[in-house]
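Working notes, structure below.
The values are calculated or read from the model by the stated rules, or taken from the named source; none is laboratory data. All figures in this text were calculated on a predicted structure; none of them were measured in a lab. Cβ sites come from the backbone with ideal geometry, for glycine too, and all protein chains shown count toward neighbours. Ligands, DNA and RNA are excluded from the accessible area calculation, which covers all protein heavy atoms including side chains. Shrake-Rupley method; radii C 1.70, N 1.55, O 1.52, S 1.80 Å.
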Amino acid sequence: MVQTFDFRPRLLHCLRKYNRKTFIADVMAGIIVGIVALPLAIAFGIASGVTPEKGIITAIVAGFVISALGGSKVQIGGPTGAFIIIIYGIIQQYGLEGLTIATIMAGVFLILFGLLHLGTIIKYIPYPIVVGFTSGIAVTIFTTQVKDLFGLSISNLPSDFIEKWQCYAANFSTADLWSSIVGIASVAVIMLMPKINKKIPGSLVAIIIMTVLALLLKQYAGVTTIETIGDRFSISNSLPQADMPHVTWETIKSLVSPALTIAILGAIESLLSAAVADGVIGDHHNSNTELVAQGVANLASPIFGGIPATGAIARTMTNINNGGRTPIAGIVHAVVLLLIFLFLMPLAKYIPMACLAGVLVVVSYGMSGWRSFLALMNNPKSDVTVLLITFFLTIIFDLTVAIEVGLIIACLLFMRRMSETTDVKVISDEINPDEEYSSLELGNLEHLTIPKGVEVYEINGPYFFGAGNRFEEIMATFGDRPKVRVIRMRKVPFVDSTGIHNLTNLCLMSKKEGIQIVLSGVTQKVDAQLTKAGFQDIVGTENICSHIDLALARAREIMAEKK
């Protein structure tokens, strides 16, 4: 049966029973989330290698689209820390236009993920991979913020992780005292704020306090060494016009890998955020609709000068904790950011860079998931291997390599584990009727005695490419050549093309040696697959039996014919 895609944004469902009380709660939550999102959008924009306003534009455009079209009631979208490293790397290699094209391509990939019903499949990406690259991203984000956190005088900071730390060690003597105080104090304020008041965002409080402190120090103490956003960027509050980049086939080919990384990372983070939100509000999001919304958001954001966006767990939880229960809250959050952008954006130039670095240090600490990382270290060696490889590839090379290699290793380990679940055993003399599902109908034990010259093999588990070779290896260990080989397949739920190929080769080789193959207990699904592949023409329909009793009876007939 062909499954059709049902695109149903949760906004339409929520508006059916919408009322004034819910609207007021959504507006209040949206205002608070908008205020919380402001410093994060600015910080993520700067850390990604673009201007502060691009971070806010992303939060406005993508935040609106994700709430309006998404499959979750409370998801808040925008720029996130997970994208910082991949965005920075793309800009360094392909420039801003390359980032725009890669983001648009990622949007197309995300829409395809949703249309192809991959929303549920993406959730099954192994947990060690998710923890590995998330922790790696956290370490990398922290590494990129050391310079601004302590006000180090470094003109050309290396992009390589190890070289970066070597550069920090060589230049730490250039640290600025006042910038260090502002940076460390910002971290302290953000960490302590939840203990004082959980509703007031610590990052906003830190930015206000440190911006005022920096202005007072400059005005009355003559401290001019605290670098601000205005010292590094020219701030603009003018709305950007839609602009499509010039796209060539060569550019598309070169950006497929980073675009796919953005898409996979965005899909994982958005669906993880939506799943966490479901557990809190007792709802169930539509993962495929959510992916389509994420895709549209990543198509719209770069056209207006934005960067990649996805669902943000921290902002989504802030929305829930402050009473947001429908997508209207997310739309209000985007409107609040738009008003701030239009009327208050020029004030952002006074924000100290050390303060923004402090904000990102706290974000990186939250992303690190160090407790989950340490807990996974006690898991089987295969999980630890995937975790560590993904982690170190993320920090030493880049996220694209980490995800690609991590997924390949996880797939290989999965194949190995699946092949280990399929075992092949040889039954020598008798078959215990108590193990048969229809043993009451089989008669006495002598009917299940294996005749001389007959070998019985039983396959337990899926017969696919990971298990096919093992079956051939086991049969090769027997020196005597039987007249009939009975292969029991009652516990084989499916067989793939490699399994059919191996069975076909076995039949052909057995025919040359004068050995007849008889299949027993073939399920309806497996039988349909064998029939479709034309396997019955090779082995003979009469040699495919529904039960071991019939298979042994057929084996006796063959033995009698041979005599």
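Quick notes
- Residue ID - nearest to A551 (Cα to Cα), chosen from residues in the range 486-501 that are of a type outside the set (V, I, T) and open to solvent by 10 Å² or more (accessible area, probe 1.4 Å): R490
- Of all the residues in the range 9-59, those that are open to solvent by 10 Å² or more (accessible area, probe 1.4 Å), of a type in the set (V, I, T) and more than 24 Å from I111 (Cβ to Cβ) number 9.
- Scanning the range 523-563 for residues that are closer than 19 Å to V492 by Cβ and acidic (D, E) yields D527, D549.
- Lone qualifier among V65, V50 - being assigned to a loop (DSSP other than H, G, I, E, B) and closer than 26 Å to V247 by Cβ: V50
- Given (1) part of a helix (DSSP H, G or I); (2) surrounded by fewer than 24 Cβ atoms within 10 Å (Cβ to Cβ); (3) at pLDDT below 90, number of the condition I85 does not satisfy: (2)
- Scanning the range 110-136 for residues that are among the aromatic types (F, W, Y) and buried (at least 23 other Cβ atoms within 10 Å of the Cβ) gives F113, F133.
- Scanning the range 452-470 for any residue that is under 27 Å from G499 (Cβ atoms), open to solvent by less than 80 Å² (accessible area, probe 1.4 Å), at pLDDT below 75 and charged (D, E, K, R) turns up at least one such residue.
- From L387, L407, L374, residue being open to solvent by less than 20 Å² (accessible area, probe 1.4 Å) and on the phi < 0 side of the Ramachandran plot: L387
- Filtering V292, V332 for residues that are more than 15 Å from T80 (Cβ to Cβ), within 22 Å of the chain's Cα centre (by Cα), assigned to a helix (DSSP H, G or I) and among the hydrophobic types (A, V, I, L, M, F, W, C) leaves a single hit, V292.
- Pairs where the first residue, in the range 242-260, is at positive phi and the second is modelled with pLDDT under 90 and open to solvent by 100 Å² or more (accessible area, probe 1.4 Å), C-beta under 7 Å, 6+ apart: none
Residues are listed down the side, and each one gets a yes or a no for (1) under 17 Å from the mean Cα position of the chain (by Cα); (2) basic (K, R); (3) part of a loop (DSSP other than H, G, I, E, B); (4) closer than 24 Å to A47 by Cα:
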{"position": "N237", "(1), (2), (3), (4)": "no, no, yes, yes"}
{"position": "P245", "(1), (2), (3), (4)": "no, no, yes, yes"}
{"position": "A259", "(1), (2), (3), (4)": "yes, no, no, yes"}
{"position": "G266", "(1), (2), (3), (4)": "yes, no, no, yes"}
{"position": "D283", "(1), (2), (3), (4)": "no, no, yes, no"}
{"position": "N298", "(1), (2), (3), (4)": "yes, no, no, yes"}
{"position": "S301", "(1), (2), (3), (4)": "no, no, no, yes"}
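- Within the range 515-555, the set of residues being open to solvent by 30 Å² or more (accessible area, probe 1.4 Å), part of a helix (DSSP H, G or I) and not polar (S, T, N, Q) comprises K525, D527, A528, K532, D537, I538, E542, D549, L550, A553, R554.
- Sole exception among (1) modelled with pLDDT under 85; (2) surrounded by fewer than 12 Cβ atoms within 10 Å (Cβ to Cβ); (3) more than 40 Å from the chain's Cα centre (by Cα); (4) not β-branched (V, I, T) for E473, by number: (3)
- Checking each residue in the range 488-530 for being in contact with a Ser or Thr (Cβ under 9 Å, 6 or more places away or on another chain) and over 15 Å from Y463 (Cβ atoms) picks out only Q516.
- G70 being touching a Lys or Arg at 6+ places or on another chain (Cβ under 8 Å) and within 28 Å of N156 (Cβ to Cβ): no
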